[in-house]
1. When N counts the residues of segment 351-423, how does its alpha-carbon radius of gyration compare numerically with 2.2 N^0.38 Å, as a ratio?
2. Once the principal axes of the Cα atoms of segment 1-78 are found, what is the range along each, listed largest first in whole angstroms?
3. Under 20 °C and 1.002 mPa s, how fast does the chain diffuse according to Stokes-Einstein, given a Kirkwood radius computed over C-alpha pairs? Answer in µm²/s, whole number.
4. Please state, to two decimals, what the Cα-based radius of gyration of segment 206-319 comes to when divided by 2.2 N^0.38 Å (N = residues).
5. Beta carbons within 10 angstrom, averaged per residue: use that to sort the peptides 138-144, 329-335, highest first.
6. So what are segment 136-265's ellipsoid semi-axes, whole angstrom, largest first, if each one is the square root of 5 times an eigenvalue of the alpha-carbon gyration tensor?
7. Order of 375-387, 168-180, 59-71, 213-225 by packing, highest average Cβ count within 10 Å first?
8. Among 402-408, 352-358, what's the highest-first ranking by average C-beta atoms within 10 angstrom per residue?
Ligand code: ADP
Ligand code: GLC
């Protein structure tokens, strides 16, 4: 089959969070399974569109949005990937220092225009090259505008109208909601600004329109697919999702086991596998030393690499820090995000020097070193569509302590409930008390080397490869294409 993915992120060219890893992992696995796959990505500055790695198409694409001309160049990645990467280059929208936000000035104000233009020109690119897919796979709200012209007001892309559409919701918290003043950007008649299409409490909601129009909707874990049908996790769309549940399915993400492999990870000072864990101790010593942590090598070291947002339960962790330090454990946190959380970690470092370290930047190498060098990986998320870090940490022999929610529930088995098959620890209520009580149990397990060793080996033996997920997506594609 031919499958085109439209996405705002793809690893390694443009990454803010797990979306990037998930899209590239899926595209690669589908291509390896024999499908012809094209991935369409905006031409951010981070993509580095230079003639040594990309070929620029001779065709320049022109269109109009909101009565303004839009012009796009398209660049194809030359390097042999199992899939094609086409980059939609609209410099005024994407040649900027950040992906969604300027590092100094904060979020870009023109996201509606940016992503509507990207998707419009992505469809133009497919049509121009007559690369007509069987399935158009849209990821998150950024890709949602495709349904505007393929399902609501047709005619602009005659060759693409019969293509089946799959929408994957990686995170329902982000829906692409804009003031109705921006409606003209969609080039649609006002008749579609109603509650059965784009309208949502007086605003424009791009994701909602795509949920309604897609042939199938997926989300990134079975538990999250259930949760988003409830008010606590539905972000205002739970009623709609209950209504659409016959076309909604949860497919657990995989992880890229080549990029995340402790036996040959180029970022690590030493390597290890289930046969020989000695390298993991080297990784821990290296991490303690490079970060200036003074906790003894035998003390448990907890880690986290994350966007610092409400979703991730950062407040629960911040409140638990004095207790963690009091237990003699160390803590390393890497991530950027909301200023209050960043300040909270900076304060903790001042209060507990040598015990708590905060790395306030995006750093791929350090993320791998934290996964490998820690004993315990923390994910106290309030909600978590899938979560990749807990799977990385299992593979790196770093025992996850997670909240039992979304993909965390589907990937971590609590050893207290299932002593024979458990791989980590889970807690239910989103409270600091529940986190602390569960961490206490983890620390107690840690003190018994045999138990801990078994836990590590079991986690490392889990299979989270993309092959399984790609099979489930293929089944889904085949079902809707036949229809
Ligand atoms: P989300 O997509 O909600 O952010 P995931 O667990 O799915 O959560 O994926 C997060 C990804 O982003 C992981 O690969 C993680 O290592 C990475 N990441 C987040 N923050 C940073 C950072 N500051 N430096 C390096 N990698 C980061
Ligand atoms: C989103 C979710 C995260 C998920 C990722 C990839 O960013 O927050 O849970 O793992 O997408 O699907």
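Bear in mind these aren't lab numbers, they're just calculated from the coordinates by the rules spelled out. Small disclaimer: the values here were computed from a predicted structure and weren't measured. Reconstructed Cβ throughout: ideal geometry from the backbone, glycine too, with neighbour counts over all protein chains shown.
1. Numbers: Rg = 13.4 Å, N = 73, 2.2 N^0.38 = 11.2 Å.
For segment 351-423, the normalised Cα radius of gyration comes out at 1.19.
2. Result for segment 1-78: principal-axis Cα extents of 40, 31, 29 Å.
3. Rounded, D is 92 µm²/s.
4. 1.56
5. Taking the mean over residues of other Cβ atoms within 10 Å, the ranking is 138-144, 329-335.
6. Value: 28, 19, 14 Å, ordered largest first.
7. Descending mean neighbour count gives 375-387, 213-225, 168-180, 59-71.
8. Working: 402-408: 26.9, 352-358: 18.9.
Going by the mean number of other Cβ atoms within 10 Å, highest first, we get 402-408, 352-358.
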